[in-house]
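Worksheet for the structure shown next.
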């Protein structure tokens, strides 16, 4: 079977890696693959053996509000948009036929409902009328991302795919049919690590974007075993740090990231940023294998994930994972046989530290802005939902707070042992963390589960089966109002998980 895979770009990142692994899995399974993107990969050698073609019109053309770069905040709109979308569809077909004169059996498009290109949605509608189409979604704009929400209806009468069960359930409730919606988890590869290095890091192997909740990572640094509260390490062995591996790549996330870096330095927190770029043993930058080799364990404080690689990959290197539990992510993995111990569902902070009245006003303002950006009216259920958040006792979850509120709490905790004691006393996880050691039996059991369930062989089989099912004609459409209603749950609101940042 001939399968064309499409994404806006091939820059390093989660979706690019997924597409590369899919192309290789398809080829190893006897299919042919062609990768189409708006720009070539920065490292062509990584794509060696995979057929590629560049279609410049697939590039991002939408920028964050206020961005002065070409494309502006609105992309290409106006009377000519429909004509240009048809031209993009023709360009895609021409690129495919230049490789396969008889055309592709299926076109598989990654993240098409995230509006980064103002022509793609229209082009996909054209392509859906001409042949089989499978739209695989890693993220959905309805999940508190109004900056990438499309004003157009989503393509109808084609097949869709998702990477987690929560998104599958929501899309089924929004109108898709079971036989037209496919769950295709991501392949997980083993992390390389250098053995024999001192174990000094609690590794957070992600990019420092807002939804990774960096302030909470810094709060955990005050409680890790072998760490230092406010800079004063004591006890045997080297001081431990929390270590985030990669910087953000967008202008939208960079200022907040730099603010966290500056605060960590000011408060002398045991934290490292861009750990992969720090000096290595030979004087140059450390390899990622060296960084993983210095880890005692991995942590996660993310408030939102599409798939959740950081919950899976560390086990493959013999590292335990601990931190914030995301139920909709972890449930899929638990059904696959993994166990997540110890984790927390909320990091409880004495409410008076968070200035609850001010925080509630911020949340109300953000929700009002989000609904307006989606073109939806603020429902009357919002106020009772926030009542349940703020009237639930003497504590609030650190994860729902904005960066300004988190920073104030961090300053108090770093400066005052009594504050740290109150926070630890409200969170059994933190009390246990100070003396926590990973369980080798659990690490090995989870490593085996990851390598069995998320292997290339198994995920490749699921992918190929889904591609063949997508050849069957389907009549279905997504109710966008219903999908928005399902995702915009105030009980799930985390201010660091809203994109873009709102005042």
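The values are calculated or read from the model by the stated rules, or taken from the named source; none is laboratory data. Please read all numbers here as calculations on a predicted model, not as lab measurements. Here Cβ is always computed from backbone atoms with ideal geometry, including for glycine, and neighbour counts include all displayed protein chains.
Output yes when any residue across segment 170-178 is buried (at least 21 other Cβ atoms within 10 Å of the Cβ), modelled with pLDDT of 95 or more, in contact with a strand residue (DSSP E or B) (Cβ under 7 Å, 6 or more places away or on another chain) and within 22 Å of residue 301 (Cβ to Cβ), and no when none is.
No, there is no match, as no residue in segment 170-178 is buried (at least 21 other Cβ atoms within 10 Å of the Cβ), modelled with pLDDT of 95 or more, in contact with a strand residue (DSSP E or B) (Cβ under 7 Å, 6 or more places away or on another chain) and within 22 Å of residue 301 (Cβ to Cβ).
For segment 41-53, give me each residue that is surrounded by fewer than 15 Cβ atoms within 10 Å (Cβ to Cβ) and assigned to a loop (DSSP other than H, G, I, E, B). Don't jump to the end; show me each part of the working.
Start the filter on segment 41-53 by keeping residues that are surrounded by fewer than 15 Cβ atoms within 10 Å (Cβ to Cβ), which leaves 42-46, 48-49.
Across segment 41-53, the qualifying residues are 42, 43, 48, 49.
For segment 423-444, name all the residues that are farther than 19 Å from residue 269 by Cα and surrounded by 12 or more Cβ atoms within 10 Å (Cβ to Cβ).
Hits for segment 423-444 are 425, 426, 427, 428, 429, 432, 436, 438, 439, 442, 443, 444.
So residue 458 passes all but one of these: (1) within 21 Å of residue 338 (Cβ to Cβ); (2) touching a residue at least 12 places away in the same chain (Cβ under 8 Å). Which condition number does it fail?
Answer for residue 458: the failing condition is (2).
Looking for whichever is surrounded by fewer than 19 Cβ atoms within 10 Å (Cβ to Cβ), farther than 17 Å from residue 465 by Cβ and without any contact (Cβ under 8 Å) to a residue 12 or more places away in the chain here; the options are 97, 166. Which one fits?
Details: 166 fails: without any contact (Cβ under 8 Å) to a residue 12 or more places away in the chain.
Sole residue among the options that is surrounded by fewer than 19 Cβ atoms within 10 Å (Cβ to Cβ), farther than 17 Å from residue 465 by Cβ and without any contact (Cβ under 8 Å) to a residue 12 or more places away in the chain: 97.
So which strands (runs of 3 or more DSSP E) are wholly in segment 136-209 and hold at least 2 residues that are within 30 Å of residue 271 (Cβ to Cβ)? It would help to see each step written out before you state the result.
Working: elements: 159-162, 181-183, 201-207.
Answer list for segment 136-209: 201-207.
Has segment 290-300 got at least one residue that is at pLDDT below 95, touching a strand residue (DSSP E or B) at 6+ places or on another chain (Cβ under 8 Å), closer than 30 Å to residue 187 by Cβ and not assigned by TED's automatic domain parsing to the domain that holds residue 111?
no
Restricting attention to segment 306-319, does a residue exist that is touching a strand residue (DSSP E or B) at 6+ places or on another chain (Cβ under 8 Å), without any contact (Cβ under 8 Å) to a residue 40 or more places away in the chain and surrounded by 19 or more Cβ atoms within 10 Å (Cβ to Cβ)?
The answer is yes; a qualifying residue exists.
Taking only pairs six or more apart or across chains, which ones have beta-carbon atoms under 6 Å, a first residue in segment 262-288 that is not assigned by TED's automatic domain parsing to the domain that holds residue 240 and surrounded by fewer than 20 Cβ atoms within 10 Å (Cβ to Cβ), and a second residue that is part of a loop (DSSP other than H, G, I, E, B) and modelled with pLDDT of 70 or more?
Within 6 Å, no pair qualifies.
Which is under 18 Å from residue 406 (Cα atoms) and assigned by TED's automatic domain parsing to the domain that holds residue 435, of 331, 358, 339, 324? Write out each step before concluding.
On the way: 331 fails: under 18 Å from residue 406 (Cα atoms); 358 fails: assigned by TED's automatic domain parsing to the domain that holds residue 435; 339 fails: under 18 Å from residue 406 (Cα atoms).
From the options 331, 358, 339, 324, the qualifying one is 324.
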